[in-house]
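Comments concern the structure below.
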Amino acid sequence: MSELAQLIEESASRLFERFSDSDAALEMEAGGFPEQTWQEFVADGWLTTMLDEEKGGSGLGFSGGCLLMRLAGYHAVPLPVAESLLANYLATEAGFKPNDELLVPAVLLQTVQTKQVTLQHVPWARHASAVVVVFSKNKQTHVSVIARENLSVEYGQNMAGEPRDEVTFDADLLRYSEILEYISIEKLLSWLSLARASQISGALQRVLERTVEFANERTQFGRQIGKFQAVQQQIAVQAEMTYATVCAVDVAIEYLASPHEKDLIACAKITAGEAAGYAAKTAHAVHAAIGFTQEYPLQLSTRRLWSWRDEYGNEAQWAAKLGENCMDLETDNLWQWLTTHTG
Amino acid sequence: MQALNYKPVHTSEKEAALRKQVRLFLAEYGPFDTPNLIDSWSVCDPKFSRALAGKGWLGMTWPTEYGGGNKSYLERYVVIEELLAAGAPVGAHWVADRQSGPLLLRFGTEEQRLEFLPKIVHGECFFAIGMSEPNSGSDLSSIKTRAERVEGGWLVNGSKIWTSWAHVCQQMITLVRTSPPSDNRHAGLSQFIVDLNAKGITLRPIVNLAGEQHFNEIFFDDAFVPDDRVVGELGEGWSQVMAELAFERSGPERFLSSYQLLEAGIKTLREANKTQQATIVIGQFVARLMVLRQMSLSVANQLQAGKLPVNEASVVKDLGTSFEQELAEALRLILDREPRSTAKTGVERLLSDAILKAPSFSLRGGTREILRGVIARGLGLR
């Protein structure tokens, strides 16, 4: 683990460890929000993790943000950690004043031709003070910050019960926008998927730990089920895919801002998505009926894995893009393409 | 539970320059014959090995006093991955360079090093691995080949099997029992350097299902091995074998055996009207390859730092051999071509070779089930 990762883990774990049982998550799913922990999260300065120091942030950038998102994924934190970090960063980069409010990101892909704009699956919109809407206009990326009072919000949730709301607002509001330099819509979509891959990499580690722990405790036929080869072999593959994901995400983080950022993020999301399904399946097989209950905390992680693997592009969608890129080579040689992407 | 470490690695200008050199070399020697492209590290071409030796690419990481290049593991990595990706016939020297040489460096006597390492570096001495026996495969410590003490050395009796290229190699690192089995199954095993041309040794060729002959069964009938050919400590054979595993299991040969099929498959798809489904399959395999390569590079870098990440290496091998096996299974469904064993060139031939050779990928060097057992133990199960 890098020094930065260790530093983030040591200081943020104190907050995140509070969510080790199902209660807080179930409260969230019922529409609640852990306000006090959120306030501490903000007071500890995590909200501005990605901002440059001259803008009042910690200067850790997106790579530091990803490490915090991984940790939040590990603890299945019922807070919009990834979303708030990114939205705060996007708004500040576009020139809006940094503040301590909860902002969440939304991407508007089509050109607006109606009076009202509706966006689907906006994360945590119901609890946000504003939605940071990113869109394209005159070949530039624009950012509008649409305040909560101007939004009509229809509640929706992903499989983990995390808010994914439908928001509607007046198209006129998009006239008040700032230009976001350096970050295209395409890049932002890619970043959002790396955010999910980072969360998945954390959740996978937690699920693996729970699975090993359970297999070593649960006794059937007179011995711990972890002693059975059939069980061991499945958990071994789960571990392989878990660490492949950690590696893929680490590599994508390492090569942010390189010309191949997008392809490496695609690799990370594909790897994470494949691992998510296998890990959830295996963990539930090992835990058997108790893992299928709401009370047992395994589901906090597995429902997130099932949700996150599809958000901002699933394995097939990213593989289609990656496949297109690597088959479209002028050099007619995949090997060259591969070896110029990373060291 | 100890987390596995695959910290990302950056190669430098030095490696990039070396990569260029290897590509120039390959442009001169390649492209290689289609029937030799799949699993090219099982294709034996002593002349090609000597050409590599001429470039200083055998024994690259070894100290210069033994003829080595004193280069880093990352530099060696760049050379071998370029050769493997091109399907170059590197089988003759592969074991000596990857495994036997490093074993002698780690455990051998000064005399053994001076005797063998320069010859390996010059492509004049190839090594085979003598571990498996007819009744001992995954259960390696159950081997029966035994050595009895006689004046000046040992008399070996028994047999070894699945020994690749023993009929071409001069020497074989051979695991034998030097004291009777005891409660400690791993005790009493030793490694010998056996001269394959010595008296009392006979070879029986074994043809594999693809019609190739690189396997052998080797019989020892009172074969004499002098004392100075014992590697390391007598009775420490098991721990010495274990120490090789991180080298043996983590390299790019564990996922590049069928790589040329991917290259040819992409070419075929580009010439046809590829479907969305085909593009997705290619993207999924390229993603796996990209990540495997990073994991493998990371292990190489840890080896450079003097660590022996055996669990990390086992993961690379299991994921890697699954990749190289599944590649053929996936491509046959999107290429719209039938595998053809009689074709001399083309993707049909590569498909055929990749399918026929695939079973061995996850058997050699520790079966899939053994590796997963190792990983499970590392996780704290068992």
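Here is a yes/no grid of residues against (1) surrounded by fewer than 18 Cβ atoms within 10 Å (Cβ to Cβ); (2) at the interface with another protein chain (Cβ under 7 Å from one of its Cβ atoms); (3) closer than 16 Å to residue A:243 by Cβ; (4) touching a His at 6+ places or on another chain (Cβ under 7 Å):
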site: B:282; (1), (2), (3), (4): no, yes, no, no
site: B:285; (1), (2), (3), (4): no, no, no, no
site: B:292; (1), (2), (3), (4): no, no, yes, no
site: B:323; (1), (2), (3), (4): no, no, yes, no
site: B:358; (1), (2), (3), (4): no, no, no, no
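Output the residue which, of all residues in the range B:271-322 that are at pLDDT below 95 and among the charged types (D, E, K, R), is farthest from residue B:3 (Cα to Cα).
Once the filter is applied, the top-ranked residue is B:271.
Could you tell me whether the range B:332-353 includes any residue that is in contact (Cβ under 8 Å) with a residue 60 or more places away in the chain, within 14 Å of chain A (Cβ to nearest Cβ), closer than 23 Å to residue B:245 by Cα and surrounded by fewer than 24 Cβ atoms within 10 Å (Cβ to Cβ)?
No: zero hits.
Taking only pairs six or more apart or across chains, which ones have beta-carbon atoms under 9 Å, a first residue in the range B:100-111 that is without any contact (Cβ under 8 Å) to a residue 60 or more places away in the chain, and a second residue that is among the aliphatic types (A, V, I, L, M)?
If the second residue must be among the aliphatic types (A, V, I, L, M), the pairs left are B:101/B:58; B:101/B:117; B:101/B:120; B:101/B:121; B:105/B:117.
State yes or no: is residue B:101 over 22 Å from residue B:36 (Cβ atoms), part of a helix (DSSP H, G or I), at pLDDT 95 or above and among the small types (Gly, Ala, Ser)?
yes
What are the residue pairs meeting all of these: first residue in the range B:360-382, first residue facing another protein chain (nearest Cβ under 9 Å), second residue of a type in the set (D, E, K, R) and in a loop (DSSP other than H, G, I, E, B), Cβ atoms under 6 Å, and 6 or more apart or on different chains?
Hits for this filter: B:376/B:382.
Only residues that are crowded, with 24+ Cβ neighbours inside 10 Å and more than 8 Å from chain B (Cβ to nearest Cβ): list them for the range A:231-252, please.
A:238, A:242, A:245, A:249, A:252, listed by residue number.
Output the number of the condition that residue B:114 fails; it satisfies all remaining conditions of (1) surrounded by fewer than 16 Cβ atoms within 10 Å (Cβ to Cβ); (2) more than 22 Å from residue B:66 (Cα to Cα).
For residue B:114, the failing item is (2).
Residues to consider are B:109, B:174, B:202, B:163; find the one that is under 25 Å from residue B:93 (Cα atoms) and either touching a His at 6+ places or on another chain (Cβ under 8 Å) or assigned by TED's automatic domain parsing to the domain that holds residue B:91 (or both).
B:109
Quickly run through the range B:330-382 and pick out the residues that are charged (D, E, K, R) and closer than 30 Å to residue B:136 by Cα.
B:353, B:357, B:364, B:368, B:369, B:372, B:377, B:382
Quick one: which of B:212, B:253 is farther than 26 Å from residue B:147 by Cα, assigned by TED's automatic domain parsing to the domain that holds residue B:144 and either of a type in the set (D, E, K, R) or part of a loop (DSSP other than H, G, I, E, B) (or both)?
B:212
Can you tell me which residues in the range B:89-129 are within 12 Å of residue B:46 (Cα to Cα), of a type in the set (Gly, Ala, Ser) and under 14 Å from the mean Cα position of the chain (by Cα)?
Correct list: B:91, B:92.
Out of the residues in the range A:299-330 meeting the condition of being out of contact with any helix residue (DSSP H, G or I) (no Cβ under 7 Å at 6 or more places or on another chain) and modelled with pLDDT under 95, tell me which one is farthest from residue B:261 (Cα to Cα).
A:330
Could you say whether any residue in the range A:5-18 is surrounded by fewer than 17 Cβ atoms within 10 Å (Cβ to Cβ), within 21 Å of residue A:192 (Cβ to Cβ) and not aliphatic (A, V, I, L, M)?
No, the range A:5-18 contains no residue that is surrounded by fewer than 17 Cβ atoms within 10 Å (Cβ to Cβ), within 21 Å of residue A:192 (Cβ to Cβ) and not aliphatic (A, V, I, L, M).
Please verify whether residue B:95 is within 23 Å of residue B:36 (Cα to Cα), touching a residue at least 24 places away in the same chain (Cβ under 8 Å) and within 14 Å of another protein chain (Cβ to nearest Cβ), treating the condition exactly as stated.
It is false that residue B:95 is within 23 Å of residue B:36 (Cα to Cα), touching a residue at least 24 places away in the same chain (Cβ under 8 Å) and within 14 Å of another protein chain (Cβ to nearest Cβ).
Just need a number here: residues in the range A:187-208 that are surrounded by fewer than 17 Cβ atoms within 10 Å (Cβ to Cβ) and within 12 Å of chain B (Cβ to nearest Cβ).
Residues flagged as surrounded by fewer than 17 Cβ atoms within 10 Å (Cβ to Cβ) and within 12 Å of chain B (Cβ to nearest Cβ) within the range A:187-208 amount to 0.
The values are calculated or read from the model by the stated rules, or taken from the named source; none is laboratory data. Just so it is clear, the structure is predicted and the values come from calculations on it, not from any experiment. All Cβ positions, even for glycine, are placed from backbone atoms using ideal geometry, and neighbour counts span all protein chains on display.
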